[in-house]
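What follows is one structure encoded as structure tokens, with my remarks underneath.
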Amino acid sequence: MSASIEITDVTKRYGELTVLDDISLSIRAGEFVVILGPSGCGKSTLLRMIAGLEDVTKGSISVGERRVDTLPPGQRGVAMVFQSYALYPHMTVAQNMSFGLENIGLPKAEIQRRVLQAAATLEIAHLLGRKPAKLSGGQRQRVAIGRAIVKEPKAFLFDEPLSNLDAALRGRTRLELAQLHTRLGSTMIFVTHDQVEAMTLADRIVILHNRRIEQIGTPMEIYQRPASRFVAGFVGSPAMNFFPVESATSNGEMLTIQTGGLGSVGAVIRPPSRFSLSGASLGIRAEDVTVLPAGQPGIPLKAEVVERLGDRTLIYGHLTDGTKLTVEADGRSEARSGDMVQIALDTSAIHLFDAAGAAHHGEGG
Amino acid sequence: MAESYRRSQWSNGLFVLPYLAVFVVLLAFPLFWGVWLSLHKVDLFGPGRFVGLANYGRVLVDPVFLQALRNTIVFVLVSVPVLVALGLFLALALNRTTRMTSFLRGLFFSSSVLSVTIVTLIWRFVFIPGDGLLAVLSEALSVQPVNFLSTSGWSLFSVGVATVWWCIGLPMMLFLAALQQIPNDLYEAAALDNASPWRVLTRVTVPSIARTIMLVAVIQIVMQFQLFGQAQLMTNGGPNGTSRPLVMYIYEVGFLRWDVGKAAAASELLFLIILVAAMAQYVVSARKSEASE
């Protein structure tokens with residue numbers, strides 16, 4: 001039932017404004033792909049182009065073996081769950097779910113079988129006679145998913161479906177979506193700006209930025225080996241620390257990088273021979289910086305704000321030259337704001353970015 | 001504190017006083033005075049004499065009243081559905097923002113700002129025998145011309161055409177406003193649901209504006225029951241009273257024959273009829289939407 005999706009050289013323009021520029025993406029049948037990006041990066045536009053709600057300016061989109069970008073939305077074999085759910089307000093839950101099936105002339109018995117089955121799967125059988133206005137946000141969300149499931153589509157498209165739910169419900173629904181994907185084995189494309197949703201749900205994440213695909217990879221690849229400075233800064237909370245590179249010397253094995261604040265840092269990175277230092281930066285995640293026990297020499301950091309999150313403690317501070325740095329310390333850390341602490345870097349987790357933002361990683365990172 | 005609270009509550013009432021004064025003087029008082037008049041034999045020139053329900057009895061057996069009542073009901077039964085359907089059709093056709101649609105919206109609405117004299121003058125140019133537009137057209141097509149304004153049946157029809165032309169602007173605008181409230185993602189969901197244009201209209205658009213359809217119907221029922229100017233100026237109720245509406249009957253009885261009590265009784269009956277018709281429409285629609293809930 002599930003199908004692969006092939007997006008080839010797709011461009012979207014509104015008049016002079018280019019929203020998406022030459023996007024190509026292959027999605028395997030049954031894969032859960034999350035399109036992640038900041039607001040306005042064109043991620044919803046890409047999803048709507050797959051659904052057929054936006055025209056494709058250039059390029060092609062295929063679902064399974066069939067090219068679909070010239071077909072009307074209803075004939076593409078995809079189902080979409082909208083951010084606002086878009087339930088028909090005057091129809092009951094059952095009517096909402098069966099409307100699409102009636103339109104393609106499915107026999108009544110088959111429609112009823114599918115609606116009851118989907119309702120049982122989503123535990124909304126007791127709501128079938130109600131109208132959307134009488135449902136809570138979470139229930140509406142399930143009905144919207146149910147309306148998609150009954151169509152038995154080749155692919156599910158989700159347009160930020162969790163953003164209207166409260167935090168607790170969002171977490172639970174996320175889990176249920178993952179379970180649903182395992183059970184149905186369908187191709188799913190999920191658009192979000194929430195990196196937690198992306199990291200937890202995706203088989204692969206597609207990072208969109210500035211009209212283009214910045215990186216495609218598994219959540220771990222995206223997190224540990226970001227392809228660019230943008231990805232490194234966008235994914236991960238707190239955001240990665242960046243330092244301007246002043247100079248660097250290589251002895252073939254080890255690269256010794258000189259930065260303001262951190263001083264001299266040795267990293268096992270082999271940048272290409274044409275790597276230019278001007279505009280380059282060094283990046284390290286907060287959890288790859290450790291606070292040393294009192295008395296051990298390290299890089300001094302003046303703690304400004306200390307956030308205690310229970311399992312971990314975030315220390316926001318600045319180095320001797322004023323450069324800001326965030327450290328993730330143990331949950332039992334006793335550091336207080338105003339303290340001077342000594343820190344050390346895990347040099348195997350250092351990332352180097354050139355002026356254009358392209359990343360170079362160490363062997364261990 | 002309780003004292004000042006009570007005092008502030010009392011003085012809050014002053015804010016509604018101006019409206020209340022106008023309401024009482026111009027609406028409530030005439031309504032009750034009308035009822036009082038309908039129970040008296042009165043001619044505007046002297047004090048009246050209490051006659052109980054006699055005026056109502058005289059009105060209800062008056063064949064002219066019954067004919068006017070029949071004319072008015074036929075007129076409402078035909079003109080209101082036409083106004084609702086045509087208004088909805090125009091709104092659907094013009095529910096997009098291009099220069100052309102903006103122009104056409106203005107054009108269709110412009111007839112509403114004309115006074116009844118201008119409207120009837122324009123339609124007299126169309127319907128009048130001999131030199132009227134339709135007469136010239138039927139002559140050109142070698143068809144026997146119809147004398148629209150003085151043929152029984154056609155005269156009320158002609159008044160209806162002029163009325164629809166005059167009144168179509170408001171329903172169209174109300175429907176346009178309602179259509180623009182429908183969230184676009186419902187249409188996108190319908191597109192993904194493979195809905196045909198007809199299914200989209202009947203299952204998404206019309207149910208979404210059901211309340212406005214009811215509102216327009218009630219407004220038009222109330223307005224069209226009060227038909228007067230067009231009939232007075234185009235056909236003068238003729239021929240043989242076949243296009244005389246109830247308000248014209250009231251006018252003739254009250255201001256030409258000075259039988260004010262009888263005219264007031266007829267007015268109260270018209271008031272009741274409008275009330276019942278509008279409420280019936282409301283109750284039927286409310287029950288329908290309840291049944292579908």
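The values are calculated or read from the model by the stated rules, or taken from the named source; none is laboratory data. Note that the coordinates shown come from a computational prediction; the quantities given were computed from them, not determined experimentally. As a convention, Cβ positions derive from the backbone with ideal geometry for all residues, glycine included, and neighbour counts pool all protein chains shown. Keep in mind that these areas ignore ligands, DNA and RNA; they rest on the heavy atoms of the full protein, side chains included. Shrake-Rupley method; radii C 1.70, N 1.55, O 1.52, S 1.80 Å.
The number of residues in the range B:194-219 that are in a helix (DSSP H, G or I) and in contact with a Gly (Cβ under 9 Å, 6 or more places away or on another chain) comes to 1.
Being at pLDDT below 95, assigned to a helix (DSSP H, G or I) and of a type in the set (G, A, S) is the requirement here; does A:S60 meet it? Write out each step before concluding.
Details: at pLDDT below 95: yes; assigned to a helix (DSSP H, G or I): no; of a type in the set (G, A, S): yes.
No; evaluated as a whole, the condition is false for this residue.
May I ask you to say which residue of A:R147, A:R142 is closer than 27 Å to A:G77 by Cβ, among the basic types (K, R), buried (at least 22 other Cβ atoms within 10 Å of the Cβ) and within 14 Å of chain B (Cβ to nearest Cβ)?
Values: A:R142 fails: within 14 Å of chain B (Cβ to nearest Cβ).
Only one candidate passes the filter, namely A:R147.
For the range B:191-203, the count of residues that are more than 14 Å from chain A (Cβ to nearest Cβ) and crowded, with 16+ Cβ neighbours inside 10 Å is zero. The set of residues from the range A:19-49 being farther than 15 Å from A:Q215 by Cα, of a type in the set (S, T, N, Q) and open to solvent by 40 Å² or more (accessible area, probe 1.4 Å) comprises just one member, A:S39. When the test is whether a residue is within 30 Å of A:A227 (Cα to Cα), in contact with a strand residue (DSSP E or B) (Cβ under 8 Å, 6 or more places away or on another chain) and assigned to a loop (DSSP other than H, G, I, E, B), A:L301 does not pass it. In the condition set (1) over 23 Å from A:S237 (Cβ atoms); (2) open to solvent by less than 30 Å² (accessible area, probe 1.4 Å), A:S276 is compliant with all but (2). Within the range A:151-171, take every residue that is in a loop (DSSP other than H, G, I, E, B) and of a type in the set (D, E) and give me the one that is nearest to A:A202 (Cα to Cα). Taking the candidates together, the pick is A:E160.
Within the range A:89-117, the residues that satisfy the criterion of being open to solvent by less than 80 Å² (accessible area, probe 1.4 Å), at the interface with chain B (Cβ under 8 Å from one of its Cβ atoms) and closer than 17 Å to A:P153 by Cα are A:F99, A:G100, A:N103.
Given B:L192, B:L179, B:L201, B:L170, which one is closer than 30 Å to B:F127 by Cα and in contact with a helix residue (DSSP H, G or I) (Cβ under 9 Å, 6 or more places away or on another chain)? Lay out the reasoning, then the answer.
Values: B:L192 fails: closer than 30 Å to B:F127 by Cα; B:L179 fails: closer than 30 Å to B:F127 by Cα; B:L201 fails: closer than 30 Å to B:F127 by Cα.
Being closer than 30 Å to B:F127 by Cα and in contact with a helix residue (DSSP H, G or I) (Cβ under 9 Å, 6 or more places away or on another chain) holds for just one of B:L192, B:L179, B:L201, B:L170, which is B:L170.
Of the residues making up the range B:133-176, those that are under 26 Å from B:L104 (Cα atoms), without any contact (Cβ under 8 Å) to a residue 40 or more places away in the chain and open to solvent by less than 70 Å² (accessible area, probe 1.4 Å) are B:L134, B:V161.
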